[in-house]
Amino acid sequence: MLIYNVTTKITHTIHEDWLAWMRDVHIPDVLATGCFTKANILRLLDIDDSEGPTYAVQYYAETKADYDQYIDQFAPALKQETITKWGEQMIAFRSLMQLVN
């Protein structure tokens with residue numbers, strides 16, 4: 001099992017709208033690709049939130065091929081949609097992890 005983690009710091013001004021959009025639009029769009037089996041939204045704690053909260057969204061892929069398909073076929077358009085919608089009010093970084101337990 002692989003976990004594709006997207007950590008995003010957002011401004012206070014878009015916080016509620018961004019979170020609703022993630023739940024109602026973006027995460028369902030990512031899951032609709034068929035590349036991931038589920039997703040979780042987590043809020044990071046014990047960090048400086050003075051400029052806005054930080055969230056991690058974890059998408060679960062059964063195989064590396066599923067992840068690769070997402071990155072090759074779907075990620076560019078979905079990433080661009082996010083940038084177009086939220087612009088410089090957010091910053092994100094991505095990592096791929098393997099579940100080992």
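The values are calculated or read from the model by the stated rules, or taken from the named source; none is laboratory data. Bear in mind the structure is a predicted one, so any value in this text is a computation, not a measurement. Here the Cβ is made from the backbone with ideal geometry for all residues, glycine too, and neighbour counts use every protein chain on show.
Brief remarks follow.
- Scan of segment 79-95 for residues that are in contact with a helix residue (DSSP H, G or I) (Cβ under 9 Å, 6 or more places away or on another chain) and assigned to a helix (DSSP H, G or I), ordered by number: E81, T82, K85, W86, Q89
- When we screen A20, A75, A61, A32 for residues that are on the phi < 0 side of the Ramachandran plot, surrounded by 15 or more Cβ atoms within 10 Å (Cβ to Cβ) and free of Cβ contacts under 8 Å to residues at least 12 places away in the same chain, the only hit is A75.
- Every residue from segment 43-80 that is among the acidic types (D, E) and modelled with pLDDT of 95 or more: E62, D66, D68, D72
- Just so you know, in segment 72-101 the residues that are among the polar types (S, T, N, Q) and over 14 Å from the mean Cα position of the chain (by Cα) include one that is nearest to K9 (Cα to Cα), and it is Q89.
- Those helices (runs of 4 or more DSSP H) of segment 11-78 in which 2 or more residues are among the aromatic types (F, W, Y) occupy 15-21.
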